[in-house]
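Everything below concerns the one structure shown next.
The values are calculated or read from the model by the stated rules, or taken from the named source; none is laboratory data. All values derive from a computational prediction rather than experimental measurement. Here the Cβ positions follow ideal geometry from the backbone for every residue, glycine too, while neighbour counts run over all protein chains shown.
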Amino acid sequence: MFTGLVEEIGVVAELNPHDETGGTSLTISLPASSTLLADAKLGDSISVNGVCLTATDLSNITGGSDDNNPPSFKVGIAPETLRLTNLGLLTKGSGVNLERAVRADSRMGGHFVQGHVDAVAEIVRVVEDGNALTFRFKPRGGDKEASDVLRYIVYKGYVALDGTSLTVTRVDDAEGWFEVMLIAYTQQKVVVARKRAGDTVNVEVDVLAKYAEKSMAGYLGAQGEILVKPILEGMVENLVAQAMGGHS
């Protein structure tokens, strides 16, 4: 489980599609001063651009004595993960959002993020609004694929983009897109701000919306799917309005 609050931006050192295990591995370099993985152990879960991955090599997390050997770690990527996310598009030098799994005593500053990607969305527009940036996203695939994602995305609700917890500022179900806004501070802390129209992000919707839909659909019976969506959207909007407010 994660919070969607990015702890550090790492840099892809290597994406190896044929590593020593016969699978795909991703090596990520960290800033020389990083202490992100100081207490990490093999097998720990680390969110990389919103994807929950397992640490398979932590032998170089302290790095070397020069800039040519920065701290780094390695994670494994399953074939299914490559199919469902945009991790396979990463290249040497790509920036990636990093977050360690939460502990029992962690402060919950974002929202519940599982690291299980629901879809890949394409950036279709980036617009400046003062010192903020508004990004518009369209889920990849046809109308059905977009609808399957957008049913859980509501105005002022939460969404995780490349693992970043953000507040939805607009949704257009008919045209199949949604928007978020990044304030100046957030632009310095996450990789989404570096992306432009045509680039992609990993999308994870709020899992609480899925649980609510399933519970209500079972209760309402055969007509549940038709009736649940407007009820669920209203509930989520009211809950968000009463809670801590949005994240930008």
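A few remarks follow.
- Inside the range 151-166, residues that are in a loop (DSSP other than H, G, I, E, B) and either surrounded by fewer than 23 Cβ atoms within 10 Å (Cβ to Cβ) or not charged (D, E, K, R) (or both) make up a count of 8.
- Restricting D148, D173, D105, D118 to residues that are exposed (fewer than 14 other Cβ atoms within 10 Å of the Cβ) and of a type outside the set (V, I, T) narrows the list to D105.
- Residue in the range 30-51 that is surrounded by fewer than 16 Cβ atoms within 10 Å (Cβ to Cβ), at pLDDT 90 or above and β-branched (V, I, T) present: no
- Applying the condition of being in contact with a strand residue (DSSP E or B) (Cβ under 7 Å, 6 or more places away or on another chain) and not small (G, A, S) to the range 32-42 and asking which residue is farthest from V102 (Cα to Cα) yields L42.
- Residue in the range 3-10 that is in a strand (DSSP E or B), in contact with a Leu (Cβ under 6 Å, 6 or more places away or on another chain), of a type in the set (G, A, S) and within 19 Å of V191 (Cβ to Cβ) present: yes
- Odd one out for A212 among (1) touching a strand residue (DSSP E or B) at 6+ places or on another chain (Cβ under 9 Å); (2) touching a residue at least 12 places away in the same chain (Cβ under 8 Å): (1)
- Residue within the range 10-21 that is over 19 Å from V192 (Cβ atoms) and of a type in the set (A, V, I, L, M) present: yes
- Residues of the range 157-175 satisfying the condition of being more than 16 Å from G4 (Cα to Cα) and either touching a residue at least 60 places away in the same chain (Cβ under 8 Å) or among the charged types (D, E, K, R) (or both): R170, D172, D173, E175
- Checked against the criterion of being of a type in the set (D, E, K, R), modelled with pLDDT of 95 or more and not assigned by TED's automatic domain parsing to the domain that holds L82, the candidates R196, R151 yield just one match: R196.
- Screening the range 35-148 for strands (runs of 3 or more DSSP E) wholly inside it with 2 or more residues that are in contact (Cβ under 8 Å) with a residue 24 or more places away in the chain and among the β-branched types (V, I, T) returns the ranges 45-48, 51-57, 72-77, 119-129.
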